[in-house]
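J.: Encoded as structure tokens, here's the structure I'll be asking about.
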Amino acid sequence: MNKGHAVEILSVGTELLLGGTTNTDARDISEMLTTIGLNVFHHTVVGDNPARLRQAMEIAMGRADIIITTGGLGPTCDDLTKNVIAEALGLELVFVPEEEARLRGYFEQRRREMTPNNLQQCYLPAGCVRLVNDWGTAPGCVVERDGLTVIMLPGPPKECVNMMRHRVLPYLQSKGDGVIVSHNYKIFGMGESEMEFVLRDMMNESVNPTIAPYAKACECLVRITAKADSAEEAEALIAPAAEIVREKLGDVVYGVDLEGLDECVLRLLEQRGMTLSAAESCTGGLIAKRITDHPGASAVFLGGVVSYTNPVKEKILGVSAETIARCTVVSEPVAKEMCEHVRELTGSDLAVSVTGLAGPDGDGVHPVGTVCLGLATPEGTVTDTLNIPGRDRENVRQYASQHAFDLVRRYLTGLPVKTRTII
């Protein structure tokens with residue numbers, strides 16, 4: 001096949017259109033194709049309807065030379081992907097005895113009865129390359145016809161991702177036009193418009209690598225992407241651009257290819273051999289959840305207290321009732337006592353605290369989105385107050401946890417310990 005081909009991902013499943021199921025398959029396939037230099041030009045989603053699937057397939061055949069389908073290969077009556085595509089390509093479906101043997105072994109191993117409808121998974125387009133599914137029941141397949149490559153994969157994400165990684169990528173490796181490498185430079189403390197303004201000239205002048213800004217939930221990122229004959233050459237193209245991006249944006253760049261500020265803090269704590277604890281009110285344990293989502297968190301995160309009510313703040317954390325009465329619970333003095341006492345309680349090196357109003361109701365004194373932070377360290381305690389206007393309850397909680405992690409990040413990297421509210 002000639003280089004410079006176009007790829008289309010055709011996702012089949014009514015559940016994807018109803019909104020109850022997120023189409024992670026298309027995202028994951030696109031990311032993997034990028035690593036072998038294949039360009040995805042279109043994502044299409046169609047329901048379990050033969051006529052609409054046939055129409056979507058015909059459109060894809062007119063503009064792509066590699067089509068990857070997901071879903072519709074299972075044992076139920078609405079699993080019609082193979083039938084429709086075989087018809088569109090003028091191919092018959094033939095029974096594959098090897099698939100029947102594999103399928104029966106699959107059910108026997110799990111001590112489950114195989115119902116007759118499962119056998120429809122054993123029919124594949126004549127002349128196809130069979131892709132064995134070691135992670136589920138439905139096999140995939142590859143059809144090459146008149147310069148077109150059609151790859152059919154099962155829909156369940158675990159099966160789809162593993163089939164793509166271990167079956168499809170090796171098959172497509174020879175079709176790739178070089179290698180594409182991308183790195184995400186994660187940013188907190190600067191909005192998308194300001195970030196784009198700072199980088200605009202650089203973005204307009206860049207061809208290879210390309211530089212693109214993106215707004216994500218409660219943060220931003222700059223993606224630098226290069227294409228070359230090898231990964232090493234692509235990395236060499238990215239390096240000078242990355243250095244300029246870091247120089248232009250400064251200390252709001254918190255990491256590269258990290259999941260989030262929580263992972264950044266976890267890695268910094270590991271590197272410095274330090275521990276953290278948390279005292280949370282309005283975030284309701286979100287800080288603890290985010291850091292413990294990562295494997296290895298137990299080595300650096302000693303625990304936390306969700307002190308959602310005043311009695312818990314007083315009885316468990318030891319916050320002074322007089323401080324609460326004098327300053328209100330949404331105050332820097334309360335945040336100071338919360339983090340200092342949880343640090344003492346857990347024996348951690350550092351402790352962070354959050355207290356505030358996530359909404360929708362206020363307290364008659366502070367507006368919704370008022371959040372006070374504290375960070376207790378061996379050198380002393382710092383506090384700060386945020387105002388996060390125009391946000392709903394979940395956004396206030398997410399931004400508050402982001403600022404808390406950034407406070408810790410700044411301390412661990414020797415930066416000025418300050419916060420900057422993103423509006």
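The values are calculated or read from the model by the stated rules, or taken from the named source; none is laboratory data. This structure is a prediction, so every number in the text was calculated from the model and none was measured. Please note: Cβ atoms are built from the backbone with ideal geometry, for glycine as well, and neighbour counts cover all protein chains shown. These accessible areas exclude ligands, DNA and RNA; they are computed on the full protein's heavy atoms, side chains included. Shrake-Rupley method; radii C 1.70, N 1.55, O 1.52, S 1.80 Å.
J.: Could you sort MET203, MET61, MET152 by accessible area so the largest value comes first, with the probe set to 1.4 Å? Before the final figure, lay out the partial values.
T.: Details: MET203 40, MET61 70, MET152 0 Å².
So the residues, ranked largest to smallest area, are MET61, MET203, MET152.
J.: Another question, if that's okay. Spelling out what I want: for every residue of the stretch 355-371, take phi, set θ = phi - 60°, compute 6.51 cos²θ - 1.76 cosθ + 1.60 (Karplus), and round to whole Hz; glycine and proline get x.
T.: 9, x, 10, 7, x, x, 8, x, 10, x, 10, 10, x, 4, x, 6, 9
J.: Under a plain spin-label model, where a point goes 7 Å from the Cα along Cα-to-Cβ, how far apart in nm are VAL132 and ALA239?
T.: In this crude label model, VAL132 to ALA239 measures out at 4.2 nm.
J.: Additional query: In bins 5 Å wide, starting from 0, what share of all Cα pairs of the stretch 76-175 does each bin hold, as a percent?
T.: Per 5 Å bin, starting at zero, the Cα-Cα P(r) for the stretch 76-175 comes out as 2, 12, 23, 24, 22, 11, 4, 1, 0 percent.
J.: Here is a further query. Let me check something: with ligands and nucleic acids excluded, how do THR292, THR346 order by accessible area (1.4 Å probe), largest to smallest?
T.: Greatest to least solvent exposure: THR292, THR346.
J.: Whole-Hz ³J(HN,Hα) for each residue in the stretch 157-171, computed from phi via Karplus 6.51 cos²θ - 1.76 cosθ + 1.60 with θ = phi - 60°, x for glycine and proline: what do you get?
T.: x, 4, 5, 4, 5, 5, 4, 5, 5, 9, 10, 7, 4, x, 5
J.: Right, here's the next one. Could you tally the net charge around ARG267, taking each other residue with its Cβ under 11 Å from the Cβ of ARG267, Lys/Arg +1 and Asp/Glu -1?
T.: Values: positive: ARG272, ARG409; negative: GLU259, ASP262, GLU263, GLU270.
Within the 11 Å Cβ shell, the charges total -2.
J.: Spelling out what I want: for every residue of the stretch 263-273, take phi, set θ = phi - 60°, compute 6.51 cos²θ - 1.76 cosθ + 1.60 (Karplus), and round to whole Hz; glycine and proline get x.
T.: Couplings: 5, 4, 5, 4, 5, 5, 4, 4, 4, 9, x Hz.
J.: If one takes the longest principal axis of the Cα atoms in the chain, at what angle in degrees, from 0 to 90 and to the nearest 10, does the Cα axis of helix 192-205 lie?
T.: 50
J.: Against the longest principal axis of the chain, how steep is helix 393-412, in degrees 0 to 90 to the nearest 10, with axes from Cα atoms?
T.: Approximately 70 degrees, to the nearest ten.
J.: Provide GLU8, GLU332, GLU247 ordered by accessible surface of protein heavy atoms (probe 1.4 Å), highest first.
T.: Numbers: GLU8 0, GLU332 60, GLU247 145 Å².
The most accessible residue leads, giving GLU247, GLU332, GLU8.
J.: Something else: Using a 1.4 Å probe on the protein heavy atoms, what percent of the accessible area of the chain belongs to carbon and sulfur?
T.: The C+S portion of the solvent-accessible surface of the chain is 50 percent.
J.: I'd like to check one number: the per residue accessible area of the chain, probe 1.4 Å, reported in Å² as a whole number. Working shown, then result.
T.: Details: 19210 Å² over 423 residues.
Per residue, the chain has an accessible area of 45 Å².
J.: Post the alpha-carbon centroid distance, the stretch 333-381 to the stretch 1-78, in whole angstrom.
T.: Using only Cα atoms, the two centres lie 48 Å from each other.
J.: For the pairs LYS82/LYS216; LYS289/LYS336; LYS227/LYS248; LYS216/LYS313; LYS289/LYS315; LYS82/LYS158, flag any whose C-alpha to C-alpha distance is greater than 25 Å.
T.: LYS82/LYS216; LYS216/LYS313
J.: Binning at 10 Å from 0, report for the chain what percent of all alpha-carbon pair distances ends up in each bin.
T.: 4, 18, 21, 19, 18, 14, 5, 1, 0
J.: Angle, helix 332-346 long axis vs. longest principal axis of the chain, Cα atoms, 0 to 90°, nearest 10?
T.: Around 70 degrees separate the two axes.
J.: Less than 11 Å Cβ to Cβ from VAL129, Lys/Arg counted +1 and Asp/Glu -1: what total charge do the surrounding residues give?
T.: With Lys, Arg at +1 and Asp, Glu at -1, the neighbours total +1.
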